[in-house]
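Data block below; observations after.
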Amino acid sequence: MKYTFMANIYHEDNAYIVAFPDIPSCFTSGDTLEEAIEMAEDVLNLMLWDMEESGTPIPSATLPERMDVNGYIAAIHADTAAYRKKYDKKPVQRAVSLPRWLDAMAKDRNIRLSAFLQTALMKELGVAQ
């Protein structure tokens, strides 16, 4: 899913602090404004991914004109599908049945079924590695 949330960015104690008023406990910081925004994208993706996985309702984003601002407002974008693809590398085990003769041929040619299946699925789904 793609999301955009408004962030409140302010400078304090030689750091840029970023908070998302619509998502409690979603905040980060950076030494520079660029670093703070990069960290904000990361924490927003991570928090929204966790909310999607746990079934927690994701709130609607507050309009900028309705925000109580302390510092600056920035629109931070998140794409949880792309974030998952980048970071969710945990392998899963799936039972696959195939004819014995086909299994024997694959073994004779040293074809690793796991790697072959991943490549074939990515090709079939039109997904880049």
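The values are calculated or read from the model by the stated rules, or taken from the named source; none is laboratory data. All of these numbers come straight from a predicted model, not from anything done at the bench. Please note: Cβ atoms are built from the backbone with ideal geometry, for glycine as well, and neighbour counts cover all protein chains shown.
What the table shows:
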| item | result |
| --- | --- |
| Verdict on residue 78 being part of a helix (DSSP H, G or I), under 15 Å from residue 2 (Cα atoms) and either in the same structural domain as residue 12 (by the TED database) or of a type in the set (Ser, Thr, Tyr) (or both) | no |
| Residue in the range 51-73 that is in a strand (DSSP E or B) and at pLDDT 90 or above present | yes |
| Which listed residue, of 96, 127, is under 17 Å from the mean Cα position of the chain (by Cα) and either modelled with pLDDT of 95 or more or more than 30 Å from residue 20 (Cα to Cα) (or both) | 127 |
| Scan of the range 1-33 for residues that are assigned to a strand (DSSP E or B) and either under 20 Å from the mean Cα position of the chain (by Cα) or closer than 22 Å to residue 84 by Cα (or both), ordered by number | 2, 3, 4, 5, 6, 7, 18, 19, 27, 28, 29, 30 |
| Tabulated pairs, the range 108-129, first of a type outside the set (Phe, Trp, Tyr), second surrounded by 10 or more Cβ atoms within 10 Å (Cβ to Cβ), C-beta under 7 angstrom, 6+ apart or interchain | 113/106; 129/122 |
| Subset of the range 54-91 [surrounded by 11 or more Cβ atoms within 10 Å (Cβ to Cβ) and charged (D, E, K, R)] | 79, 84, 85 |
